[in-house]
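The values are calculated or read from the model by the stated rules, or taken from the named source; none is laboratory data. Remember, it's a predicted structure, so these values are computed and weren't measured experimentally. Cβ placement follows ideal geometry from the backbone for every residue including glycine, while neighbour counts extend to all protein chains displayed. Heavy atoms of the whole protein, side chains included, go into the accessibility calculation; ligands, DNA and RNA do not. Shrake-Rupley method; radii C 1.70, N 1.55, O 1.52, S 1.80 Å.
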Amino acid sequence: MSTALGVDLGGTHLRLALVVLGDAPARSFERRIALPPETDAITVADLLAEAIRAISREAHLDDPLPVGIGVAGMLRGDTGVVTVAPNLGWREVPFRALLEERLPKQPIRLFNDLDAIAYGEYAFGAGRSVEDVLCVFAGTGIGAGIVAHGQIVEGAGHVAVEIGHTKVVVGENARRCGCGARGCLEAYVGGQNLEARVRAELAGGRSSVALTLAGTAAAVHAGHLDMAACQGDAYANELWDEIAPLLGLALANAVTLLDPG
């Protein structure tokens, strides 16, 4: 049996779980922490270190467990430096070093979050029966990971198969992405960018049932757009007609390039 702490560091939340692998995989002692609007690395390191200590106390752990952290961003090899995390607004952050200052005895390793998710699906989830797995995650951003012949394909910056930053629109009018480039899939389909666009358009005078459902333009999220589209809302359906083919195109191209099982 082996035990570890797994952490998902996304654009809006921290999620932690004590993972115990034995005859039957089991998880307990979970945490979900909303990140503050200003997600500076010092604040996140403080929140995460305290959550790790809290879970360790609850689980009556005598020795520090290894901690694996999936980060929504580009990493500099195995140095523990987050080179770019667009949805956190981070550039060149030595995040592992920040955590090691707070948890000096804890073995810590950083992974690209989609590499971690893809390997989890390969080892324990939907991909258990095959050796080649493509995993795509649509949330605050759009990410992907791949397992080929049973091995994670990381790339030099740990962002191989970063489908969210493939280009689906070109030209000077293409939407700006959090990575700094224009025309990325994430700029159109990622939850954070989509919500920012919709809120601005509704505040600017566009009409939609989503606005009624949310109460204010500042409160609208993608779920409201789904509900509005189901009610035949013209704005929501116009938006989905624009961006759904972009996601479909990116997924179809990824399948063609990678030939997953």
- Given R₀ = 22 Å, FRET efficiency for Val20-Gln151 by Cβ-Cβ distance, to 0.05? 0.30
- Message: Output the 0 to 90 degree angle, nearest 10, between the alpha-carbon long axis of helix 41-58 and the longest principal axis computed from the alpha carbons of the chain.
- Response: 50 degrees
- Accessible area of Phe95, 1.4 Å probe, to the nearest 10 Å²? 0 Å²
- Mean residue ellipticity at 222 nm from the helices of the chain, using -39,500 (n - 2.57) per DSSP H segment of n ≥ 4 over the full residue count, to the nearest 500 deg cm²/dmol? -11500 deg cm²/dmol
- Query: Mind checking the angle between helix 113-124 and the chain's longest principal axis? C-alpha axes, 0 to 90 degrees, to the nearest 10.
  - Reply: 70 degrees
- Message: Quick one: the Cα spread of the chain along its three principal axes, in angstroms, biggest first?
- Response: 58, 41, 36
- Query: With the dipole of the chain worked out from charges on the C-beta (+1 for Lys and Arg, -1 for Asp and Glu) around the Cα centre, which of Ala148, Pro245, Val220 lies farthest toward the positive end?
  - Reply: Val220
- Query: When the scattering of region 129-261 is computed by the Debye formula from its Cα atoms alone, each counted once and equally, what is log10 I(q)/I(0) at q = 0.09, 0.13 Å⁻¹?
  - Reply: -0.31, -0.61
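Could you tally the net charge around Val7, taking each other residue with its Cβ under 12 Å from the Cβ of Val7, Lys/Arg +1 and Asp/Glu -1?
+2
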- Note on the structure: Here the equivalent ellipsoid of region 57-100, derived from its Cα gyration tensor, has semi-axes (largest first, whole Å) of 26, 11, 9
- Note on the structure: Along the dipole axis of the chain (charges at Cβ: +1 for Lys and Arg, -1 for Asp and Glu; origin at the Cα centre), the most positive-end residue among Ala254, Pro104, Gly205 is Gly205
- Note on the structure: On the accessible surface of region 113-169, probed at 1.4 Å with all protein chains in place, carbon and sulfur together account for a percent value of 56 percent
- Query: What distance in nm separates the simple spin-label points at Ile33 and Asp226, each placed 7 Å from Cα in the Cβ direction?
  - Reply: 2.8 nm
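Given +1 on the Cβ of Lys and Arg, -1 on the Cβ of Asp and Glu, and no further charges, what dipole in debye does the chain carry about its Cα centre, rounded to the nearest 20? The partial results should precede the final answer.
On the way: 20 positive and 31 negative charges, 82 e Å.
My answer is approximately 400 debye.
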- Add +1 for every Lys or Arg and -1 for every Asp or Glu among the other residues with Cβ under 12 Å from the Cβ of Thr140, and state the total. -4
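Rolling a 1.4 angstrom probe over the protein heavy atoms, how many square angstrom per residue are accessible across the chain?
50 Å²
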- Item | Model label zone, Glu242; criterion: amide N under 17 Å from point 7 Å along Cα-to-beta-carbon; scope region 164-190 | 168-178, 182-190
- Would you please classify the overall shape of region 35-130 from the alpha carbon gyration tensor, given that a ≥ b ≥ c denote the square roots of the eigenvalues, rounded means a/c under 1.5, and beyond that prolate means a/b larger than b/c while oblate covers the rest? oblate
- Under a point-charge model restricted to the Cβ atoms of Lys and Arg (+1) and Asp and Glu (-1), what is the dipole moment magnitude of region 78-166 relative to its Cα centre, in debye to the nearest 20? 280 debye
